[in-house]
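Read the structure below first, then the notes.
None of the figures in this text is laboratory data; all of them are computed from the coordinates on show. The model shown is predicted, which means the values in this text are computed figures rather than measured ones. Glycine also receives a Cβ, built like all others from the backbone with ideal geometry; neighbour counts cover every protein chain displayed.
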Amino acid sequence: MEWDSRKAASWAPPCRRLYLARQQRAADLRSAGDAAGASSVRSQTTKREYGFSKGKRGAVLKAPAGKTRITIRLDNDVLDWFRAQVHAAGGGNYQSLINQALQQHIGARREPLEQTLRRVLREELSRGLKSAANG
């Protein structure tokens, strides 16, 4: 007589029944053969395990007014730097920090060269005067 895992599950302890059920599910997926068959078996299993009757398609959270949700690819070192800055500040959102850095860059690009030079000279002169007064 051949060993039947389904019959064994009836007398097996709970942990063994779970193991056997997983093996049976894997066997069902393997026997489905092609990807479409395996997909339908997975789909049926997923529907049994999770209730999607009240599920909604689309983004979970809508973007606030004036903001647009995008997907962007950044270098890992850039992303790590922004995350480290947020961590060093004690929390926050690295995406907001990236947005702020981009806004500052745009603002700096809009400022004419003469205005930038005047601003830098004023800042440096005020620092020089303060250090001369203190030293």
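Give, in nm to one decimal, the length gained when the segment between SER53 and THR68 is fully stretched (0.36 nm per residue of separation minus the Cα-Cα distance).
Numbers: separation 15, 0.36 × 15 = 5.40 nm, distance 2.88 nm.
Residue separation times 0.36 nm, minus the Cα-Cα distance, leaves 2.5 nm.
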Revision key, fill the gap. Classified through the alpha carbon gyration tensor (a ≥ b ≥ c as square roots of its eigenvalues; rounded if a/c is under 1.5, else prolate when a/b is larger than b/c, else oblate), the stretch 76-134 comes out oblate
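Evaluate E = 1/(1 + (r/R0)^6) for LEU121 and TRP81, where r is the Cβ-Cβ distance and R0 equals 30 Å; express this FRET efficiency to the nearest 0.05. Provide the component values of the computation, followed by the final result.
Working: r = 30 Å, r/R0 = 1.00.
Working from the Cβ atoms, E equals 0.50.
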Practice item. Could you size up the charge dipole of the stretch 76-134 around its Cα centre, putting +1 on the beta carbon of Lys and Arg and -1 on that of Asp and Glu, and report it in debye to the nearest 20? Key: 240
